[in-house]
1. Tally time: how many residues in segment 121-135 are under 16 Å from Pro360 (Cα atoms) and among the aromatic types (Phe, Trp, Tyr)?
2. Would it be correct to say that Ala30 is outside the structural domain of Thr94 (by TED's automatic domain parsing), at pLDDT below 70, touching a Ser or Thr at 6+ places or on another chain (Cβ under 9 Å) and surrounded by 14 or more Cβ atoms within 10 Å (Cβ to Cβ)?
3. Restricting attention to segment 101-117, and to residues there that are outside any strand (DSSP E or B), over 13 Å from the mean Cα position of the chain (by Cα) and touching a residue at least 12 places away in the same chain (Cβ under 8 Å), which single residue is surrounded by the fewest Cβ atoms within 10 Å (Cβ to Cβ)?
4. In the set Trp270, Trp285, which member is assigned by TED's automatic domain parsing to the domain that holds Met201 and either touching a residue at least 40 places away in the same chain (Cβ under 8 Å) or closer than 26 Å to Arg507 by Cα (or both)?
5. What are the residues in segment 57-83 that are out of contact with any Phe, Trp or Tyr (no Cβ under 8 Å at 6 or more places or on another chain) and of a type in the set (Lys, Arg), if any?
6. Quick check on this structure: which one of Tyr345, Tyr331 is surrounded by fewer than 22 Cβ atoms within 10 Å (Cβ to Cβ), among the aromatic types (Phe, Trp, Tyr) and either in the same structural domain as Tyr202 (by TED's automatic domain parsing) or closer than 28 Å to Leu141 by Cβ (or both)?
7. Name the residue that is surrounded by the most Cβ atoms within 10 Å (Cβ to Cβ), counting only residues in segment 76-100 that are more than 24 Å from Pro358 (Cβ to Cβ) and small (Gly, Ala, Ser).
8. Got at least one residue in segment 467-479 being assigned to a loop (DSSP other than H, G, I, E, B) and of a type outside the set (Val, Ile, Thr)?
Amino acid sequence: MQHHRPTTARASAGLALALLLSGEALLPRADAQSLTGNPLSGLAQLKPFEARRASSSDPNWKDGNGDARPIPPGGTLTLAELEGPGVITHIWFTIAHDAPFYSRLLTLRVYWDGESHPSVEAPIGDFFGIGHGVDRPFLSLPIRVTSDGRARNCYWPMPFHKSARLTVSNESTQRCHAFYYYVDWQKHTALPDDSAYFHAMYRQEHPCQMGRNYLLADLAGRGHYVGTIQSVYHMSSGWYGEGDDFFTIDGAAEPQLRGTGTEDYFCDAWGFRQQDGLFYGTPLWEGYGAGDRSTAYRFHLVDPVPFTRSLRVEIEHKGGQVFPDGKVTGYIERDDLMSSVAFWYQIEPHRPWAALPPGPERLPFREETLLVGWKAVPQARHSEHPLQVQDIGGLTDNQQLWFTPGDDKGWVEIPFTLEKEVNATLSVRMLHAPDYGRYRVRVDGREAATLDLHHPSITPTPHRIGTHRLAAGPHVLRFECVGKAAASTGFFLGFDTLSARIQAYNRPEGFDLRRVQGALAPATE
């Protein structure tokens, strides 16, 4: 945002970001690039701002290395209190937290110029492009996540005239052991009067409300819309994304921007698959089954949507459905669990939005650990092959059940007891390694999955093994060796945990999407 370039500086903030990262926004004159042919020419020009940073650096920075901050359960950490005028240009986080799905249980809030209601309010994982509390790397222009999802970076430009305050709240029941952060910003002498404030708003519908579109944003004021992140927990098998997107600008009678399908709005085609890119992507895609999760993003960096009075952004929640009686439809309202983050810039104070649901209510399910492998070694029955507890990092208590047969005749049975009935999707967390084999998994004698545990490196990996109704009382988890991959050097097995994924939302008895949609459909002659 340079005073000597008002035309370019006052373009959309999303476009300014794209130009900044290409080098064009660094140029002092519109013709500087043409003089050299180098898009980085502006790097040679002196900058009219001071570089500043707020970070978690040890206060005793000369001698200490305590470069992180803990956050107790229910606590709030203030990351930065900045005096303007300024522009935040980069935010980086990495976090050590034991709570499952911690990135949806930590809430980022940003307040501009002393406002009482934050202009940025979202779970950290969703703000940085991945929903459901999942750690997953991906690359886009304004957001990049690396270190297997643990290093989160954003480059949205965030101008403020008087002040900026950034906080993070821990809405889990467990302590956040270490929160590392950088907030890099520029201290300016002044900003253009029409520098718009950055906004990011999370909302969810668990489940989507039948008879109306999912609302991404309902904005009042003057500004431009620059991005959407949408996460879906699939309540039914099939394709959820036949829904169209609609942008209604300045109170028009009909939406001026009308879409042709969910994956079309997110710039893909013929369904989704896992992929990423500068402007759009689906960094999380587990598939078309019930219980699968997905996150897609679409950043309007070169095509922002301006509004002068208001903007309403909606998307339908429609798709295919296979019914219990075998009938199939390709287009019906679905009751999936949907959440989103909307990104925009605007001048005026934003319209207050509803309070965020508490951290646990943002999760589409809760996970309960039914069985810990290393603790079950004394009770386990097995073939005449070695079975022991192995110390190994990255697993529960840094230990696992380790079974080391020398052939494909090995088997292990692990008894466990439930105090109450469980009807849930079960997952086993296994270790993958260069000398591990292939194993059939059975639950109470019923075949549940076959797993190939070979991997070139040692990698803890969860595997879903189906939805099961387990009564209160005794049960048996059994692993049977069925061979090994050609590249594997052994038949070993490493077992960490058996977990139950219990959905937060369950359909009422007798619920049928056809009947619900029929009741909502307008009457016909």
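1. Number satisfying all stated conditions: 0.
2. The answer is no for Ala30.
3. Step by step, filter segment 101-117, then rank; the result is Gly114.
4. Residue meeting the stated conditions: Trp285.
5. If the condition is that a residue be out of contact with any Phe, Trp or Tyr (no Cβ under 8 Å at 6 or more places or on another chain) and of a type in the set (Lys, Arg), then Lys62 is the only one that fits.
6. When all the criteria are applied, what remains is Tyr331.
7. Gly86
8. Yes.
The values are calculated or read from the model by the stated rules, or taken from the named source; none is laboratory data. For clarity, every value in this text was computed on a predicted model and none was experimentally measured. Don't worry about glycine lacking a Cβ; one is built from the backbone with ideal geometry, like all the others, and counts go over all protein chains shown.
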